[in-house]
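Participant: This is the structure, below, for whatever I ask next.
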Amino acid sequence: MGRLDGKVALITGGARGMGKSHVRRFVDEGATVVFGDVLDEDGAKLAADTDNATYVHLDVTEPADWENAVQETLNAHGALHVLVNNAGIMRHNTIENMSLDECRRIIEVNLIGQWLGIKSVTPAMRDSGGGSVINVSSTEGFNGAAGMSAYSASKFGIRGLTKSAARELGQYGIRVNSIHPGGIITAMSMQQDIVEATADRAQAIVDGIPLQRLGNTKEVSGLVAFLASDDSSYCTGSEVLVDGGFTTGFS
Ligand SMILES: NC(=O)c1ccc[n+]([C@@H]2O[C@H](COP(=O)([O-])OP(=O)(O)OC[C@H]3O[C@@H](n4cnc5c(N)ncnc54)[C@H](O)[C@@H]3O)[C@@H](O)[C@H]2O)c1
């Protein structure tokens, strides 16, 4: 028996990185998965390689894409129980150097994209008798970092979105929680601007993590599967860290 037997889930940013790992874990746990992304080639390949998972083009900033993704999910599977708001982008740049357009884009994808997601799935989840929304924030939803103003602002914002949505939607049996990964090895954390910005203190960053290492995508998927499942039936509005202890303090 899988932890997610009978559940229909929509996962954003599912073509690679943590989202891809969540797609695989959810299928292993018995869920039927529809996943979206803007990387259509990668998405189509993952869907071809994975039973019970289908890909749909879903730019999280586009209301029409959301409408289409929800409708396709309902047409194919008749219900929608879980949304994983995972899609995100990160850019390292100081406030002085970042353009307004770049700042707006980060907040649009990371924060407005999740708001749109909740708005788009709510009617389907109500009709399905309830559901679970997992919003992917970050440890940067608790701490600022130089060069990360827009990203950090978007990830702090997700905490407010999560708590407000939890208060609005609890009456329909829809739970809304945020997760806060620390450094997880993916294309995002290894992207050039981040590697360059942290090159002189990369070891110090790892040394500051009580578990003394970065995390891997599967370690985040375990938490996401738990929050999607009925095992977390009394959790809503929670903020759950998956950071190896990074935010505990200083040694
Ligand atoms: N990697 C880390 O260390 C880390 C830490 C904390 C939080 N996070 C968060 O975890 C989530 C997943 O990140 P990841 O590390 O797997 O990165 P990733 O870059 O590997 O994956 C992000 C996915 O989101 C997709 N995406 C980007 N813009 C999109 C859009 N407009 N619409 C739909 N999809 C879009 C990308 O194409 C990609 O497939 C993000 O929200 C990220 O902010 C990552």
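Participant: Report Rg/Rh for the range 130-222, rounded to two decimals, where Rg is the Cα radius of gyration and Rh the Kirkwood radius.
Facilitator: So for the range 130-222, dividing Rg by the Kirkwood Rh gives 1.04.
Participant: Another question, if that's okay. Tell me, what is the Rg over Rh of the range 174-233, with Rh the Kirkwood radius over Cα pairs?
Facilitator: Details: Rg = 14.6 Å, Rh = 13.5 Å.
Dividing the radius of gyration by the Kirkwood radius yields 1.09.
Participant: Please give the contour-minus-distance gain from L39 to M98: 0.36 nm per residue of separation, less the Cα-Cα distance, rounded to one decimal in nm. Kindly include the intermediate steps, with their values, before the conclusion.
Facilitator: Working: separation 59, 0.36 × 59 = 21.24 nm, distance 2.50 nm.
Stretched out fully, the L39 to M98 stretch lengthens by 18.7 nm.
Participant: Also, quick follow-up: How much space per residue, in cubic angstrom, does the convex hull of the C-alpha atoms of the range 75-163 take up?
Facilitator: Numbers: hull volume 8.2 nm³, N = 89.
Normalising the Cα hull of the range 75-163 by residue number yields 92 Å³.
Participant: Same structure, new question: Restricting to DSSP loop positions (anything but H, G, I, E, B) with no more than 11 other Cβ atoms inside 10 Å of their own Cβ, which GluC sites (Glu not before Pro) remain in the range 22-106? Write out the running numbers ahead of the final one.
Facilitator: Numbers: sites: E29, E41, E67, E72, E96, E102; in loops: E29, E96.
Within the range 22-106, the qualifying GluC sites (Glu not before Pro) (loop, at most 11 other Cβ atoms within 10 Å) are E96.
Participant: Determine the shape class of the range 162-202: with a ≥ b ≥ c the square roots of the Cα gyration tensor eigenvalues, call it rounded for a/c under 1.5, and otherwise prolate if a/b is greater than b/c, oblate otherwise. Present the calculation step by step, with values, prior to reporting the outcome.
Facilitator: Working: a/c = 4.71, a/b = 4.08, b/c = 1.16.
Because a/c hits 1.5 or more and a/b exceeds b/c, the range 162-202 counts as prolate.
Participant: Let me ask another. In nm², what is the average projected area of the convex hull enclosing the Cα atoms of the chain? If you can, show how the numbers build up before the last one.
Facilitator: Working: hull surface 53.0 nm².
Averaged projected area of the chain's Cα convex hull equals 13.2 nm².
Participant: Suppose we keep just the alpha-carbon trace of the range 207-251; what are its Rg and Dmax in angstrom?
Facilitator: So, for the range 207-251, Rg and Dmax equal 12.7, 37 Å respectively.
Participant: If you don't mind, another one. If N is the number of residues in the range 1-111, what value comes out of its Cα radius of gyration divided by 2.2 N^0.38 Å? Walk me through the intermediate numbers first.
Facilitator: Details: Rg = 15.2 Å, N = 111, 2.2 N^0.38 = 13.2 Å.
Ratio of Cα Rg to 2.2 N^0.38 Å: 1.15.
Participant: Along the Cα→Cβ direction, 7 angstrom out, place labels at E219 and I205. What is the inter-label distance in nm?
Facilitator: So the two model labels end up 1.5 nm from each other.
Participant: Related question: At 1.4 Å probe size, with the rest of the protein present, what percent of the exposed accessible area of the chain is carbon and sulfur atoms?
Facilitator: That share works out to 51 percent.
Participant: Let me ask something additional. Along the Cα→Cβ direction, 7 angstrom out, place labels at A48 and A76. What is the inter-label distance in nm?
Facilitator: Label at A48, label at A76, 1.6 nm between them.
Participant: Over the range 40-99, what per residue volume does the convex hull of the Cα atoms give, in whole Å³?
Facilitator: Numbers: hull volume 7.7 nm³, N = 60.
Cα convex hull per residue, to the nearest whole number: 128 Å³.
Participant: Could you report the chain's accessible area per residue, 1.4 Å probe, as an integer in Å²? Please report the intermediate quantities before stating the final value.
Facilitator: Values: 12010 Å² over 251 residues.
That works out to 48 Å² per residue.
Participant: While we're here: Near the amide H of V240, under 5 Å away, which other amide H atoms are found, from residues 5 or more places off or on another chain, if H is placed in the peptide plane?
Facilitator: For V240, the qualifying residues are S178, I179, H180.
Participant: Full extension from H57 to R167: what is 0.36 nm times the residue separation minus their Cα-Cα distance, to one decimal in nm? Don't skip to the answer; put the middle values down first.
Facilitator: Details: separation 110, 0.36 × 110 = 39.60 nm, distance 3.03 nm.
So the chain would gain 36.6 nm between H57 and R167.
Participant: Output ³J(HN,Hα) for the range 72-83: one whole-Hz value per residue in order, computed from phi by the Karplus curve 6.51 cos²θ - 1.76 cosθ + 1.60 with θ = phi - 60°, and x for Gly and Pro.
Facilitator: Computed from phi, the couplings for the range 72-83 are 4, 5, 5, 4, 7, 10, x, 6, 8, 10, 9, 10 Hz.
Participant: Determine the alpha carbon to alpha carbon distance for each of K7/K218; K119/K155; K20/K45; K20/K155; K163/K218; K45/K119 and list only those over 23 Å.
Facilitator: On the way: K7/K218 20 Å; K119/K155 18 Å; K20/K45 11 Å; K20/K155 21 Å; K163/K218 26 Å; K45/K119 29 Å.
From K7/K218; K119/K155; K20/K45; K20/K155; K163/K218; K45/K119, over 23 Å: K163/K218; K45/K119.
Participant: With the crude spin-label approximation of a point 7 Å out along Cα→Cβ, what separation in nm comes out for T247 versus Y234?
Facilitator: 2.3
Participant: Taking each pair of distinct Cα atoms in the range 1-42 once, what is the resulting Kirkwood hydrodynamic radius in Å?
Facilitator: Working: mean 1/r = 0.0980 Å⁻¹.
Averaging 1/r across every pair of different Cα atoms and inverting gives 10.2 Å.
Participant: Which of these, A53, A150, A199, has the largest mean-square fluctuation under a Gaussian network model of the chain (Cα springs below 10 Å)?
Facilitator: Maximum among the listed residues: A199.
Participant: Another question, then. So what is the 222 nm mean residue ellipticity for the chain from helices alone, if each DSSP H run of at least 4 adds -39500 (n - 2.57) and you divide by all residues, rounding to the nearest 500 deg cm²/dmol?
Facilitator: On the way: 9 runs with 106 residues, N = 251.
My calculation for the chain gives -13000 deg cm²/dmol from helical runs alone.
Participant: In whole Hz, what ³J(HN,Hα) sequence does the range 97-104 give by Karplus (6.51, -1.76, 1.60; θ = phi - 60°), x for Gly and Pro?
Facilitator: In residue order, the calculated couplings are 9, 6, 7, 4, 4, 5, 4, 4 Hz.
The values are calculated or read from the model by the stated rules, or taken from the named source; none is laboratory data. Keep in mind that what you see is a predicted model, and the values were worked out from it rather than measured. Here the Cβ is made from the backbone with ideal geometry for all residues, glycine too, and neighbour counts use every protein chain on show. Calculation scope for accessible area: heavy atoms of the full protein, side chains included, ligands and nucleic acids excluded. Shrake-Rupley method; radii C 1.70, N 1.55, O 1.52, S 1.80 Å.
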